[in-house]
1. Could you please let me know if V275 is part of a loop (DSSP other than H, G, I, E, B), open to solvent by less than 80 Å² (accessible area, probe 1.4 Å) and at pLDDT below 95?
2. Check V212 against each of (1) touching a residue at least 60 places away in the same chain (Cβ under 8 Å); (2) among the hydrophobic types (A, V, I, L, M, F, W, C); (3) open to solvent by 10 Å² or more (accessible area, probe 1.4 Å); (4) under 24 Å from L251 (Cβ atoms) and name the one condition it does not meet.
3. Looking at I75, I148, which is the one that is open to solvent by less than 10 Å² (accessible area, probe 1.4 Å), in contact (Cβ under 8 Å) with a residue 24 or more places away in the chain, closer than 30 Å to P217 by Cβ and not in a strand (DSSP E or B)?
4. Identify the single condition in (1) modelled with pLDDT under 90; (2) in a helix (DSSP H, G or I); (3) open to solvent by less than 10 Å² (accessible area, probe 1.4 Å); (4) not aromatic (F, W, Y) that R306 does not satisfy, given that it satisfies every other one.
5. From the list S51, S93, which one is among the hydroxyl-bearing types (S, T, Y), at pLDDT 90 or above and either open to solvent by less than 40 Å² (accessible area, probe 1.4 Å) or at negative phi (or both)?
6. Do the conditions hold for Q165, that is, is it open to solvent by 30 Å² or more (accessible area, probe 1.4 Å) and closer than 18 Å to S332 by Cα?
7. Among the residues of region 78-137, what is the count of those that are among the acidic types (D, E) and either within 28 Å of the chain's Cα centre (by Cα) or not assigned by the TED database to the domain that holds C63 (or both)?
8. Which one of these is in a helix (DSSP H, G or I) and open to solvent by less than 50 Å² (accessible area, probe 1.4 Å): I254, I225?
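The values are calculated or read from the model by the stated rules, or taken from the named source; none is laboratory data. Remember, it's a predicted structure, so these values are computed and weren't measured experimentally. No Cβ is skipped: glycine too gets one built from the backbone with ideal geometry, and neighbour counts run over all protein chains shown. Heavy atoms of the whole protein, side chains included, go into the accessibility calculation; ligands, DNA and RNA do not. Shrake-Rupley method; radii C 1.70, N 1.55, O 1.52, S 1.80 Å.
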Amino acid sequence: MEVLRPTLISINGRIYRKNVVKEQTFHYEGDEEEDISYSARIDCADEPCDSVSVEQTEKGFRCAIDVPSVLYKYIIGRKGETRKRLESETQTSITIPKQGVEGQIVITGQQRAAVISAFTRIEVLIESFRRKQPFTHFLSFPLNHSSIQERFLQFKEEVLEQCSQDRGVDSSIFQNPAKLHLTIGTLALLSDTEVTKACDLAQQCQGFIKDVTGGQPLPLEVVGIEYMNDDPAMVDVLYAKVQPKDGSDKLQAISDRLVEHFVSSGLMIKEWDRVKLHATVMNTLFRKDPSAEDKGGPAAGRQNMRDRESFDARNILKKFGTYYFGEFDLNSAHISQRYSTDGSGYYTSSGVVTFS
């Protein structure tokens, strides 16, 4: 990172400059984290730091920050080192709930500026470690319509019949037909409060979705397959292409607006300029973990790369490149848990926003 061009981090509408100071580190026992700390001065690029809500008390000043309990350890640090350093450098007292107890981290101090400094440093630190957490939920359009499932199973049967001799092609890498979906984005929701917040955010999107769809289901067709990486002989993810029947960009527009809304809330990290709409039909992650999920986009599949065995998709693309999976009316977007499934085999939905 260039000193004159520090990384900018957006948190709840505020922009912070991230300063790397190698001699100061924030670690937690057992974690291998990058050597990063934040200087006593954390600059806000877009908004004054005094926008933080600080309460004046008889003993000084006080503010609180909601932090999922799973992230407490990063504020405490090994043997309490991180908290002690923060308290010493900002001249504040930081109270953290017991591990596993959801609540607020409370900061108190004699000076308002000191309390704000501690608050912003904790906020930036939490955001840094939040980005390292595996995603727990994902925002998607379900494609598990019965007619699509039937055509998918036929696709699987035909591919295995005609291409099973190709390297890496076997039944273990095919998607579960009940879990077919279009990934919009992934979320690391680390507490029940954050799950509720995400569901509320989804409901807020209903207005602009209806503006795009006219309050009607969106007719879609699933036609053709494509691969993620550059070499069709070394593929990890093969996906079906989905588009509105009228050839419009309505599905893309809804997806991009959904991501924009969730990114602005701080619950989702923006990875691409536009959502890479894809319905995974084959994924080499499934060889070892049938419940695995790829994040989509050009970088999909880079995780656990050493544990994956790619497959040769050239014959599949040649024979099934324009495969017709069917059409259906899309009427909702779901926030779903990463691993759990409901009675139908589809991922359990924590929140649903409808198009009509």
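1. Values: part of a loop (DSSP other than H, G, I, E, B): yes; open to solvent by less than 80 Å² (accessible area, probe 1.4 Å): yes; at pLDDT below 95: yes.
Against the criterion (part of a loop (DSSP other than H, G, I, E, B), open to solvent by less than 80 Å² (accessible area, probe 1.4 Å) and at pLDDT below 95), V275 qualifies.
2. Just one mismatch for V212, condition (1).
3. On the way: I75 fails: closer than 30 Å to P217 by Cβ.
Step by step, each of I75, I148 is checked, and only I148 is open to solvent by less than 10 Å² (accessible area, probe 1.4 Å), in contact (Cβ under 8 Å) with a residue 24 or more places away in the chain, closer than 30 Å to P217 by Cβ and not in a strand (DSSP E or B).
4. Checking R306 against (1) modelled with pLDDT under 90; (2) in a helix (DSSP H, G or I); (3) open to solvent by less than 10 Å² (accessible area, probe 1.4 Å); (4) not aromatic (F, W, Y), the one that fails is (3).
5. On the way: S51 fails: at pLDDT 90 or above.
Among S51, S93, only S93 is among the hydroxyl-bearing types (S, T, Y), at pLDDT 90 or above and either open to solvent by less than 40 Å² (accessible area, probe 1.4 Å) or at negative phi (or both).
6. On the way: open to solvent by 30 Å² or more (accessible area, probe 1.4 Å): yes; closer than 18 Å to S332 by Cα: no.
The answer is no for Q165.
7. If we filter region 78-137 for residues that are among the acidic types (D, E), which is where we start, we get 81, 87, 89, 102, 123, 127.
Next cut, either within 28 Å of the chain's Cα centre (by Cα) or not assigned by the TED database to the domain that holds C63 (or both) only: 102, 123, 127.
Residues meeting the conditions: 3.
8. Numbers: I225 fails: in a helix (DSSP H, G or I).
I254 is the lone residue from the list that is in a helix (DSSP H, G or I) and open to solvent by less than 50 Å² (accessible area, probe 1.4 Å).
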